[in-house]
Amino acid sequence: MHRYRTHTCGALRKEHVGQRVRLSGWIHNRRDLGGVEFLELRDHYGRTQIVIRPETSVRQQIAELGKENVIRVDGVVRDRGSDNVNPNIETGDVEVEVDEFELLGDCEATPFSVFPENEVGEDLRLTYRFLDLRREKLHENVVLRSKVISSIRTRMVAEGFNEFQTPILTASSPEGARDYLVPSRVHPGKFYALPQAPQMFKQLLMMSVFDRYFQIAPCFRDEDARADRSPGEFYQLDLEMSFVTQDDVFAVVERVLAGTFEEFANGRTVTKPPFPRLAYDDVMMRYGSDKPDLRNPLEIRDLSAFFRESDFRAFAGKYVRALTVSGISEKPRSFFDKLEERAKSEGAAGLAWLTV
């Protein structure tokens, strides 16, 4: 038998009933029901219920262990019966009745709970990031990121692209943000720059007749955080193509992105390629942004013609644009006053409104 495990904590099914197995993992949860000890053992692959009977010689030792201790258990797989199935885990039809165990990693009391996932301040979570990443949601997010990148790689290769890794320590080149600089030990007083994007290198590859390049590229930019980007560094799908038109690039990106999103959509609807194409002037007029969220039903309307002959001097002969919002005509005056206060707090001189 293997030193640590014959199966993972997500592998056991009804067909394993009666087999003697060995599992290793973290104590996820525990319950004591009338002297019978129930543990949930967790590893990267899932969770399995462990049962320790009162007459078992190792019961007292296991009973003294808290959550997040790492243990190895040996035992026999049993059917849990239809009344005791746990539909929330893949191994919910079975359990392992333990008769031997080994403590692999002793754990002191943790600064916050891995399970249940109670609310915890960000500073504490980041201080103990290894504990934070044990939490189910975060663990799933990290695995999902790996799967998405793997899917993108497969699709890019199928499109005829080659993956190349470009240098990280390089000379500074003009980009849209400040560079991060790294002092050189062998050239005192001089610095390397971390790339804001592999722009120069990928264009060099095109000049060197490689035709189609891609990379899951790290980008380093000394700029403030954004709502959709971490400060300092991020990763992007970077690509370059030779002898192509703009439409050729659009077509490749649409196929790769649509296929990736469909693979991980989990029941959600994904726009089929070709994607809608909107003119810059049009989206700025309708949404006031060059990257609008098309799920937002509010569009800016041009009311200039309506007010052109108006006696209202503030609007007469001016460009007048408005948002049409349904269902607010019965709102009290205080509602609109608060909207005006918000507009002024954002830098506007005021906010005009009318109801129809």
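The values are calculated or read from the model by the stated rules, or taken from the named source; none is laboratory data. Fair warning: this is a prediction, and the values are worked out from it, not measured in the lab. Ideal geometry is used to build each Cβ from the backbone, glycine not excepted, and the neighbour counts take in all protein chains shown. Each accessible area value is taken on the protein alone, full model and side chains, heavy atoms only, with ligands, DNA and RNA left out. Shrake-Rupley method; radii C 1.70, N 1.55, O 1.52, S 1.80 Å.
At a glance:
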quantity: Theoretical FRET efficiency, 1/(1+(r/R0)^6), r = Cβ-Cβ of residue 76 and residue 253, R0 56 Å, to 0.05; calculated: 0.55
quantity: Pair-distance profile P(r), taking every C-alpha pair of the chain, with 10 angstrom steps and integer %; calculated: 4, 14, 18, 17, 19, 16, 8, 3, 1, 0
quantity: Projected label distance in nm at residue 275 and residue 323, using a 7 Å step from Cα toward the beta-carbon; calculated: 2.4 nm
quantity: Carbon + sulfur, % of accessible area of segment 55-154 - ligands and nucleic acids excluded, 1.4 Å; calculated: 47 percent
quantity: Portion, in percent, of the accessible area of segment 272-329 that falls on carbon or sulfur, probe 1.4 Å; calculated: 54 percent
quantity: Computed FRET value (nearest 0.05) for residue 103 with residue 227, which takes r as the C-beta separation and R₀ as 45 Å; calculated: 0.50
quantity: Two-site label geometry, residue 173 and residue 38: point separation in nm, points 7 Å out along Cα→Cβ; calculated: 6.0 nm
quantity: Longest DSSP-loop-exposure-free segment, GluC sites (Glu not before Pro), the chain, at most 11 other Cβ within 10 Å; calculated: 120-308
quantity: Dipole magnitude of the chain about its Cα centre (Cβ charges: Lys, Arg +1; Asp, Glu -1), debye to nearest 20; calculated: 400 debye
quantity: Longest site-free stretch - the chain; sites: trypsin sites (Lys or Arg not before Pro), DSSP loop, at most 11 other Cβ within 10 Å; calculated: 4-184
quantity: Helix-only CD estimate at 222 nm, as mean residue ellipticity for the chain, using -39500 (n - 2.57) per DSSP H run (n ≥ 4); calculated: -7500 deg cm²/dmol
quantity: Heavy-atom surface of segment 134-227, accessible at 1.4 Å and reported per residue (Å²); calculated: 65 Å²
quantity: Calculated from backbone phi, Karplus (6.51, -1.76, 1.60) coupling profile of segment 49-55 in Hz, x at Gly/Pro; calculated: 7, 10, 10, 10, 6, x, 7
quantity: Nonlocal amide H pairs with residue 8, under 5 Å, H built at 1.01 Å; calculated: none
quantity: Theoretical FRET efficiency, 1/(1+(r/R0)^6), r = Cβ-Cβ of residue 244 and residue 184, R0 30 Å, to 0.05; calculated: 0.20
quantity: Two-site label geometry, residue 61 and residue 120: point separation in nm, points 7 Å out along Cα→Cβ; calculated: 2.9 nm
